[in-house]
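Undergrad: Here's a structure for you.
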Amino acid sequence: MIEILFYILSAVTLGSAFLTILSKNPIHSAIWLVICFFSIAGHYALLNSQFLAMVHIIVYSGAIMILMLFTIMLMNLNISDEIAKPIVTKIIATVCFCLIGFFLVSSLAQTAPALETYTQTGVDFQTIQVLGKVLLNEFVLPFEMAAILLLMAMIGAVLISKKEKKTA
Amino acid sequence: MENVLQQIGIDQYIYLAILLFCIGAFGILYRRNAIVMFMSIEIMLNAANLLLVAFSTYHEDANGQVFVFFTMAVAAAEVAIGLAILVAIYRNIGSIDIDKLKKLKG
Amino acid sequence: MSTTILLLTLIFPLVGTLINGFWGKHLSKKVSGTIATLAIAASFVTSCLFFAYIQDGEPVKVVLFEWMKFNYFSIDFGFYFDQLAALWLMFITGIGTLIHLYSTSYMSHDENFSKFFTYLNFFVFFMLILVTGSNLAMMFIGWEGVGLCSYLLIGFWYKNQDYNNAAKKAFIMNRIGDLGFLVGIFVTGYLFHTLDFIELKEQSFLAPTLGIATMAFFIAATGKSAQLPLYTWLPDAMAGPTPVSALIHAATMVTAGIFMITRLNFLFDLTPDVQHIIAIIGAVTSLVAATIALVQNDIKKVLAYSTVSQLGLMFLALGLGAYEVAVFHVITHAFFKACLFLGSGSVIHAVGGEQDMRHMGGLKKHMKITYATFFISTLAISGFPPLSGFFSKDEILLTAFHHNTVLWVVASLASILTAFYMFRLLFLTFSNKFRGTEEQEHHLHESPSAMTMPLIILAVLAAVGGLISIPGSSWLNEFLKPVIKNSATLHHHELGTTEYLLMGLAVVGALIGLMVAYFKYIKNKQVPVNDNNVSGLQKLFANKYYLDEIYMLIIVNPLNFFGSFFKKQIDGLINGVVLSFGRVPSELSYQGKKAQNGNIGLYLFAFVIGVCGLLYYLFMCY
């Protein structure tokens, strides 16, 4: 049952990722990407990390994708006026894709014996309660840093996208 | 609850993450629309996240998930800034075609 | 004797240099000249004090600090005041004072007045270091220093390119000699593990390579003291102001070589072969220079060649081991040659810068003091008794006669010629009618007292200077006894018939020279023709035996050729190689820069290739 679910989810993830890239209309791309992110959240749920699954949906599918869609629509890019890349580039892209895939997979195959069989101990390590404690004890400094980073990003985004005054 | 890793094994997740990453890289090479390239980057990031979560479960260690959490924060910041830059570029040259953005080269 | 006073002797000229060098532009000419003259005069006073002390006192050695230290010997920064140094101190500062006094008037119209005195004081300072240095390295400081000052002063009127070339020539010729000095220092240090004169005197022994050292020192002396084959710079050095010629190129600096050889007499005594070479070179130089002087028309050039000739006689004496005789001639020569140079300066001053004797004549009426002093000095240099030149020159001739008749003949010939060309100079300048322009004739006047006073003092000294070493009872020989290890002249103290005969011969020779000059230039009123119209032997003399041309042909031109060859070919090659070290990376980076074209796809492609390569290396390479 879980196995089947995993394969379905994987198929959705990969397929929607491909479609994200291949669809000509950026809005379609964005929608495919949302689906991709949902499926990844499903993977997280499968792995029993409910907190991350939720956060992922909120941050990626919610915030980031809304931001992207908003930008696309702001720029009025919904019509697919993009000029296709030259055929050579496309071939190179495909070659690269195959090459890096081949090398990663084969290097994994080389190292496969290193992976031991998995044993579950039943220790609670990924409930929201535990994660919260870890985050605010061990990682409190990076946590605060992340907060500052987001603040800076906000300020920076406002500053960059602000319309320049003509006089300047 | 029965664990997914016992049934499908960690290597399946690794293959999935590899493929996802490759698709992201392919996207960047294949498209010239800056926003789609951004999406490709997000896909690559998510491949790494997925792997982190899988290994976190595998090692029964919360640290991996904490890292994913931080990665998300960074990704959010990155998208915000990146899109802001794209908006600024669009305002200036009226396009976000990446091949037209070569003015920074030395 | 207090060492402070001795060091003050050295310090006064330095102080004068510094004052004139730093504040000279803000001082009036009068103050500037007075300071410089007083500095040397003060030195002269302390020198006199020391001279009085050394009469029956011990030499003083002052070591200020250890200068250099090597494995097995060290060099002190020290000074050694002995009898020899005392003599040189006396006449350097004495004549120096007179010439400074003279210069205050002679240079009074020059715009670089204070600069002139800076250099002049500086020169005296180095000259004093040269004669008082306690070891060869200290002497070398002075040796180089006087060379530098000589260069600066010859090229003092630097706006004339010929003068600059003369200065450069002097400097380069001296460098050749300086190299010899350095080689000598190295060999001596290697052999005896010391450069200190006192230690050398005690420790020196005959080593197989000592000849190299003494020969190298002699080469150094030929450079500084203008002997064959390095003398050609001295006549050109007359480009400098006349007081400079008097001080540096007649009285003091050119005697440095003689001083050095006398200082190292114990080394030269060990190598008789080198002494023979010195004697021969000295005799030949004196004859060659005398013949050239016969046909020179420039008043200063005649004196310059005369200086070379007289220096040759001194070297002859050195080569024969008669060091005190050479020293004696140095002193008398300093008196009368300084007087002659200053006299010629006075003449040049009077006729408004003219140096060609063919445009002079008849100055006797206008410049009585100059004429009188000039006349006395001419008599002295020609060797008429009882003037100083007679005694010193005669002693050289006597010594030569006792050693080698050929050398005596050569030297006698040179001194007869000396008498001739000096009287030629005298008659052409002072007798008959003035041959210059009308304007110059109106201008003729006796020089001011600041110029005539030194002339008178020097003329008196030139007249009576011979008294310090009268044959038979020589004060000088006794005085120098501690300095000179074994003297060759001590055994002819008793004067026999031969000696008197030789003296008579010398006087007759001088008289012949005088008579020939008299008949030629007073009776027949001849005036030398232009250099281009002479022929035969005269032409050879007028062109200085073509020595400059020969040097040009066999040394300068090949060097220039090699220089331009290396500059064009080898330098280009080396440049190319060296520059290509820069050009290759630059070109590579230029090519590499093209990869940075802003195409993200390309970057990513490169990245993918790189990652693949890394993975291959890490996981699949075994």
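Undergrad: Using the Kirkwood radius built from alpha carbon pairs, what does the Stokes-Einstein equation give as D for segment A:1-107 at 4 °C and 1.567 mPa s, in µm² per second?
TA: Numbers: Rh = 15.7 Å.
Value of D from the Cα-based Kirkwood radius: 82 µm²/s.
Undergrad: Evaluate the charge dipole of segment C:36-164 about its Cα centre and quote only its size in Debye, nearest 20, assuming +1 on the Cβ of each Lys and Arg and -1 on the Cβ of each Asp and Glu. The partial results should precede the final answer.
TA: Values: 4 positive and 9 negative charges, 35 e Å.
Charge dipole of segment C:36-164: 160 debye, to the nearest 20.
Undergrad: Given 20 °C and 1.002 mPa s, compute D for segment C:497-622 with the Stokes-Einstein relation, Rh being the Kirkwood radius over Cα pairs; round to the nearest whole µm²/s. Walk me through the numbers before you get to the answer.
TA: On the way: Rh = 24.6 Å.
Rounded, D is 87 µm²/s.
Undergrad: What three numbers, in Å, describe the spread of the alpha carbons of segment C:109-215 along their principal axes, ordered from the longest?
TA: The Cα atoms of segment C:109-215 stretch 55, 24, 12 Å along their principal axes.
Undergrad: On average, how many beta carbons from a partner chain sit within 10 Å of the beta carbon of a residue in B:34-45? List each step's numbers first, then the result.
TA: Values: counts 5, 10, 14, 4, 5, 12, 5, 0, 9, 10, 1, 1.
For this peptide, the per-residue mean of nearby foreign Cβ atoms is 6.
Undergrad: So which trypsin sites (Lys or Arg not before Pro) in segment C:106-194 are both in a DSSP loop and have at most 14 other Cβ atoms within 10 Å of their Cβ?
TA: Numbers: sites: C:LYS115, C:LYS159, C:LYS168, C:LYS169, C:ARG175; in loops: C:LYS159.
Those that pass, being in a loop and sparsely packed, are C:LYS159.
Undergrad: Between rounded, prolate and oblate, where does segment C:361-428 land on the alpha carbon gyration tensor, with a ≥ b ≥ c its root eigenvalues, rounded for a/c under 1.5, else prolate if a/b exceeds b/c?
TA: On the way: a/c = 6.27, a/b = 2.31, b/c = 2.72.
Note, shape of segment C:361-428 comes out oblate.
Undergrad: Quick one: putting +1 on the C-beta of Lys and Arg, -1 on the C-beta of Asp and Glu, what dipole do you get for the protein assembly as shown around its Cα centre, in Debye to the nearest 20?
TA: Values: 51 positive and 50 negative charges, 641 e Å.
So the dipole magnitude of the protein assembly as shown works out to roughly 3080 debye.
Undergrad: Hey, what number do you get for chain C at 222 nm if only DSSP H runs of n ≥ 4 count, each worth -39500 (n - 2.57), divided across all residues, to the nearest 500? Each step should come with its number before you reach the end.
TA: Details: 27 runs with 428 residues, N = 622.
One gets -23000 deg cm²/dmol as the mean residue ellipticity at 222 nm.
Undergrad: If eta is 0.692 mPa s and T is 37 °C, what Stokes-Einstein diffusion coefficient results for the protein assembly as shown, Kirkwood Rh from Cα pairs, in µm²/s?
TA: On the way: Rh = 35.6 Å.
Answer from the Stokes-Einstein relation: 92 µm²/s.
Undergrad: Additional query: Starting at the first residue of segment A:63-74, write each ³J(HN,Hα) from the Karplus equation 6.51 cos²θ - 1.76 cosθ + 1.60 with θ = phi - 60°, in whole Hz, x for Gly and Pro.
TA: 5, 5, 5, 4, 4, 5, 4, 4, 5, 4, 5, 4
Undergrad: Once both labels are modelled 7 Å past Cα along the beta-carbon direction, what's the C:ASN71-C:ILE512 spacing in nm?
TA: 6.1 nm
Undergrad: Suppose every Lys and Arg Cβ carries +1 and every Asp and Glu Cβ carries -1, with no other charges. What dipole size does chain C come out with about its Cα centre, to the nearest 20 debye? Present the calculation step by step, with values, prior to reporting the outcome.
TA: On the way: 36 positive and 34 negative charges, 327 e Å.
Around 1580 debye, computed over chain C.
Undergrad: Follow-up. Grab the other residues whose beta carbon is less than 14 angstrom from that of C:ASP196, score K and R as +1, D and E as -1, and report the net.
TA: On the way: positive: C:LYS61, C:LYS69, C:LYS201, C:ARG263; negative: C:GLU66, C:ASP76, C:ASP82, C:GLU199, C:GLU202.
Residues close to C:ASP196 contribute a combined charge of -1.
Undergrad: Let me check something: with ligands and nucleic acids excluded, how do C:GLU324, C:GLU438 order by accessible area (1.4 Å probe), largest to smallest?
TA: Putting C:GLU324, C:GLU438 in descending order of accessible area: C:GLU438, C:GLU324.
Undergrad: Further question on the same structure: In whole angstrom, how far apart do the alpha carbon centroids of segment C:285-359 and segment C:156-172 sit?
TA: Using only Cα atoms to place each centre, the spacing works out to 21 Å.
Undergrad: Using mean Cβ contacts within 10 Å as the protection proxy, how do C:274-280, C:475-481 order, highest first?
TA: Numbers: C:274-280: 20.4, C:475-481: 17.3.
Highest to lowest by the protection proxy: C:274-280, C:475-481.
Undergrad: Compare C:PHE561, C:PHE375, C:PHE65, C:PHE581 by solvent-accessible area with a 1.4 Å probe and give them largest first, with all protein chains kept in place. Don't jump to the answer; show the numbers that get you there.
TA: Working: C:PHE561 125, C:PHE375 75, C:PHE65 105, C:PHE581 155 Å².
Solvent-accessible surface, decreasing: C:PHE581, C:PHE561, C:PHE65, C:PHE375.
Undergrad: To continue, here is another question. Give me a comma-separated list of calculated 3J(HN,Hα) values for segment C:236-246, in order, Karplus coefficients 6.51, -1.76, 1.60 applied at θ = phi - 60°, integers in Hz, x for any Gly or Pro.
TA: Couplings: 5, 5, 5, 5, x, x, 4, x, 5, 4, 5 Hz.
Undergrad: Could you pull out every one of the aspartates and glutamates with an alpha carbon less than 15 Å from that of C:LYS69, ignoring same-chain neighbours closer than 8 positions?
TA: Output for C:LYS69: C:ASP196.
Undergrad: Near the amide H of C:VAL63, under 5 Å away, which other amide H atoms are found, from residues 5 or more places off or on another chain, if H is placed in the peptide plane?
TA: HN-HN under 5 Å from C:VAL63: C:PHE79.
Undergrad: Return the single residue from A:VAL34, A:VAL140, A:VAL88 with maximal mean-square fluctuation; model: Gaussian network over chain A, springs between Cα atoms under 10 Å.
TA: Maximum fluctuation in the GNM of chain A, among the listed residues, is at A:VAL88.
Undergrad: Averaged over all directions, how much area does the convex hull of the C-alpha atoms of chain B cover when projected, in nm²? Working shown, then result.
TA: Working: hull surface 33.8 nm².
The number I arrive at for chain B is 8.5 nm².
Undergrad: Ordered by residue, what ³J(HN,Hα) values in Hz, to whole numbers, does segment C:257-263 give under the Karplus form 6.51 cos²θ - 1.76 cosθ + 1.60, where θ = phi - 60° and Gly and Pro are x?
TA: Result, rounded to whole Hz: x, 5, 4, 5, 5, 5, 4.
Undergrad: Compute from the Cα atoms of segment C:82-154 the Rg and the Dmax, the latter being the longest Cα-Cα distance, and quote both in angstrom.
TA: Both quantities, over Cα of segment C:82-154: 13.2, 41 Å.
Undergrad: May I pose another question? Put +1 on the Cβ of each Lys and Arg and -1 on the Cβ of each Asp and Glu in the protein assembly as shown; which of C:LEU89, C:LEU340, A:ILE155 then has its Cα farthest toward the positive end of the dipole?
TA: Positive-most Cα among the choices belongs to C:LEU340.
Undergrad: A further question follows. Highest GNM mean-square fluctuation, chain B, Cα pairs closer than 10 Å: which of B:ASN49, B:ASN63, B:ASN92?
TA: The residue with the greatest mean-square fluctuation here is B:ASN92.
Undergrad: Checking the table C:LYS224/C:LYS301; C:LYS61/C:LYS337; C:LYS169/C:LYS301 against a 21 Å threshold on Cα-Cα, which pairs fail?
TA: Working: C:LYS224/C:LYS301 18 Å; C:LYS61/C:LYS337 32 Å; C:LYS169/C:LYS301 16 Å.
Too far apart for the 21 Å limit: C:LYS61/C:LYS337.
Undergrad: For C:ASN543, enumerate residues with amide H under 5 Å from its amide H, sequence gap 5+ or separate chain, H modeled in the peptide plane.
TA: Under 5 Å from the amide H of C:ASN543 lies no amide H from a residue far enough along the sequence or on another chain.
Undergrad: In terms of modelled amide H atoms, which long-range or inter-chain residues lie less than 5 Å from the amide H of C:GLY133?
TA: C:TYR80
Undergrad: Let me make sure I get this right: for segment C:3-536, a, b and c are the square roots of the gyration tensor eigenvalues over alpha carbons, sorted descending. Under 1.5 in a/c it's rounded, otherwise prolate if a/b > b/c, else oblate. Which is it? Working shown, then result.
TA: Values: a/c = 1.68, a/b = 1.21, b/c = 1.40.
Here segment C:3-536 falls in the oblate category.
Undergrad: Counting only the backbone N, which residues of segment A:1-42 are under 13 Å from the spot 7 Å out from the Cα of A:LYS90 toward its beta-carbon?
TA: It comes to A:22-24, nothing else.
Undergrad: A further question on this structure: Reachable lysines from A:LYS24, Cα under 22 Å, same-chain residues fewer than 8 places away excluded?
TA: Result set, ordered by chain and number: A:LYS85, A:LYS90, B:LYS100.
Undergrad: What value, in deg cm²/dmol to 500, does the helix sum -39500 (n - 2.57) over DSSP H runs of n ≥ 4 give at 222 nm once divided by the residues of chain B?
TA: Estimated from H runs of four or more residues: -27000 deg cm²/dmol.
Undergrad: Another question about this same structure. Rounded to the nearest 500, what is the 222 nm mean residue ellipticity of chain A from helices alone, with -39500 (n - 2.57) per DSSP H run of 4+ residues and division by all residues?
TA: On the way: 7 runs with 117 residues, N = 168.
One gets -23500 deg cm²/dmol as the mean residue ellipticity at 222 nm.
Undergrad: Quick check: from the Cα gyration tensor, does segment C:553-622 come out rounded (a/c under 1.5), prolate or oblate?
TA: Working: a/c = 12.37, a/b = 3.24, b/c = 3.82.
It comes out oblate by the Cα gyration axes.
Undergrad: While we're looking at this one, here's another question. Just by accessible area at a 1.4 angstrom probe, what is the order of B:ASP97, C:ASP548 from largest to smallest? Write down the numbers at each step before the final one.
TA: Details: B:ASP97 20, C:ASP548 50 Å².
Final ranking, largest accessible area leading: C:ASP548, B:ASP97.
The values are calculated or read from the model by the stated rules, or taken from the named source; none is laboratory data. What you see is a predicted model; the values in this text were computed from it and never measured. With ideal geometry, Cβ positions are generated from the backbone for all residues, glycine too; neighbour counts draw on all protein chains shown. Protein only, heavy atoms only, side chains kept; ligands, DNA and RNA dropped before computing areas. Shrake-Rupley method; radii C 1.70, N 1.55, O 1.52, S 1.80 Å.
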